[in-house]
1. If I ask for residues that are buried (at least 19 other Cβ atoms within 10 Å of the Cβ), of a type in the set (Ser, Thr, Tyr) and within 16 Å of the ligand (Cβ to nearest atom), which ones from the range 180-218 would you list?
2. Answer yes or no: is there a residue in the range 303-321 that is modelled with pLDDT under 95 and open to solvent by 10 Å² or more (accessible area, probe 1.4 Å).
3. Among the residues of the range 346-358, is there at least one that is in a helix (DSSP H, G or I), within 16 Å of the ligand (Cβ to nearest atom) and either open to solvent by less than 10 Å² (accessible area, probe 1.4 Å) or outside the structural domain of residue 236 (by TED's automatic domain parsing) (or both)?
4. What tally of residues in the range 230-275 results from selecting those that are within 20 Å of residue 385 (Cβ to Cβ) and within 16 Å of the ligand (Cβ to nearest atom)?
5. If you check residue 44 against the conditions, is it surrounded by 14 or more Cβ atoms within 10 Å (Cβ to Cβ), in a strand (DSSP E or B), over 19 Å from the mean Cα position of the chain (by Cα) and away from the ligand (no atom under 16 Å from the Cβ)?
6. Considering only the range 277-310, state which residues are within 27 Å of residue 336 (Cβ to Cβ), touching a residue at least 24 places away in the same chain (Cβ under 8 Å) and of a type in the set (A, V, I, L, M).
7. Looking only at residues that are of a type in the set (Gly, Ala, Ser) and part of a loop (DSSP other than H, G, I, E, B) in the range 219-252, which one is most open to solvent (accessible area, probe 1.4 Å)?
8. For the range 359-392, name all the residues that are open to solvent by 60 Å² or more (accessible area, probe 1.4 Å) and either among the acidic types (Asp, Glu) or free of Cβ contacts under 8 Å to residues at least 40 places away in the same chain (or both).
Amino acid sequence: MSLAARTFLCGYLLACPALAVVPAPNAYFGHEIGADKTVLDWDKVVGYFQALAKSSDRLKVEELGKTADGRPFIAATIADPDTLRHLDRYIAIQQKLADPRKTTAAEAEKLVLEGKTVVLITCSIHATEIASTHTAVEFAYRLLTEDTPHHRAILKDTIVLLVPSQNPDGVDIVTRWYRKTLGTPYEGTSPPELYHKYVGHDNNRDWYIFSQPETRLTVSKLHNVWHPEITYDVHQMGGNGARLFVPPWLDPTEPNIDAILMQEMNMMGTAMAAALTAEGKTGVAIHGVYDFWTPSRHYMAFHAGLRLLTESASARIASPMVMTQDQIADTALGYNPRERSWNYLEPWMGGTWRLRDIIDYQLIAWDACLYNAAIHREELLRNFYRVGVRQVARTEPWGFVISSKQADPGATRKMIETLRFGQVEVGKGADGSAVVSMHQPYGGWAKSLLERQHYPEDRLYPGGPPKRPYDVTANTLPLLMGVDVKTVDKAVSFSGEWQAPAAASGPTLKASDTDSWMAVNRAWKVGNRVWRDSATGDFSLTSRRLEGTEAASRGALSAMDRQQYG
Ligand SMILES: [Zn+2]
């Protein structure tokens, strides 16, 4: 190619990026999105978002890392081109609003006027709940190509962070099983294997312990960087009641979550319900089924963000479900699916229910969520700052002290790392203890994880049995991990950041230390032998007499090997 031709081409590409045609989903995937008996492969979904990024200046896509099984874990960012060019500026605004110790009320007010509402949408964490990955594809395409008043408002006043699947491995597990069983009696069933390699369905109970790579990527690269004002987590439920659930939530609600956030979840949820009803969609339930107690699902709500949830009635994966009127349930938590009530105004009384129906409801819910995020931008950002102000003002208790003298130093270190991963600041006490003051933006999060939960006394009728809780009722890390933590009501001095002490050295590995068990496994992995004192249970990686056990003399050293104990 001649120099002139090359110059021409570069100039052409630079000048006319908008000329690239944004690929339509049906052309790219080879079928209408949500057509009966069609499902999506994860590599095609990734390829589609990359194609969108190439053809539009309103969308960027990033691989945040790899899943448990090594698939790409991606997030798309969607906003006006001018916003997308200055994402660092908007991240800085969010980070300043998130910490009122560093930002005065007057500074915050300026940032409120300048900032955008950041909305994170997470899809299909439960991989059989396939619809929202489809909705992500279609919604992104529409937002990039359809010029509507809502879309203009969304692009102008929000930044959308879109995770098309929170569990990409599960997308392929479910897709493979669905195609394999099409036309058999098993068509439309859940796969017989876990749809997440390690934790299955409880990948959505990981938001306080952060054990899985997908959780860690979303928390460290999206929540902790962007501090979204809203996280909208898109799910599906059983198919014999409401067509869609939206907040308000049921009681109990976790006491450390700010009341401003609870009110805003009520506001946003009912706005979404109103939009669905206005579009003629029946079977919309609010204030039913789902409580707001366990932090294991609600990381964002302890970090000044709303958690919106929708739960759509499921089809049989991508096969239609036919429901007769008498198959509709006559009871559900908080509403009766057969009767009109204030929180279930238009019952859905049966018919055919398809994947495409779920997508159609979700498209309206997403549009309503983002449109309201746009038009309430100022209040949402101002209140985001206010929640931080109220958090750092907490004085009861003053905080928590984690002594340096612990039976299990490994678990203690791990617990403190877990708190820090959730952005809790941990100071160093004079005696080497770890100090967690409540005077910090995520003090309520630390408090919820470190204090003992008292699940409310909630009975079916006076003197009757307790109502069955929806989910986990306690999450006290010190009890779960065997760490001694003291609640303190008076100020404790600390300076700098707590540092983990050096791991114990010497031939003896205390059996009470979680780290010892990892050291034993590491030794086995490279083919070494391990000895154990039968009296104390302590380990040694050498055959030398275990330190401190000779005096006891009851201890008999025995060699362990993997076959015996592994
Ligand atoms: Zn779910």
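1. Hits for the range 180-218 are 195, 215, 218.
2. no
3. Taking every residue of the range 346-358 in turn, at least one turns out to be in a helix (DSSP H, G or I), within 16 Å of the ligand (Cβ to nearest atom) and either open to solvent by less than 10 Å² (accessible area, probe 1.4 Å) or outside the structural domain of residue 236 (by TED's automatic domain parsing) (or both).
4. 1
5. For residue 44, the condition - surrounded by 14 or more Cβ atoms within 10 Å (Cβ to Cβ), in a strand (DSSP E or B), over 19 Å from the mean Cα position of the chain (by Cα) and away from the ligand (no atom under 16 Å from the Cβ) - is not met.
6. 284, 285, 286, 289, 308, 309
7. Going through the qualifying residues, I end up with 238.
8. Within the range 359-392, 378, 379 qualify.
The values are calculated or read from the model by the stated rules, or taken from the named source; none is laboratory data. All figures in this text were calculated on a predicted structure; none of them were measured in a lab. Ideal geometry is used to build each Cβ from the backbone, glycine not excepted, and the neighbour counts take in all protein chains shown. Ligands, DNA and RNA are stripped out before the accessible areas are found, and what is left, the full protein with its side chains, is counted by its heavy atoms. Shrake-Rupley method; radii C 1.70, N 1.55, O 1.52, S 1.80 Å.
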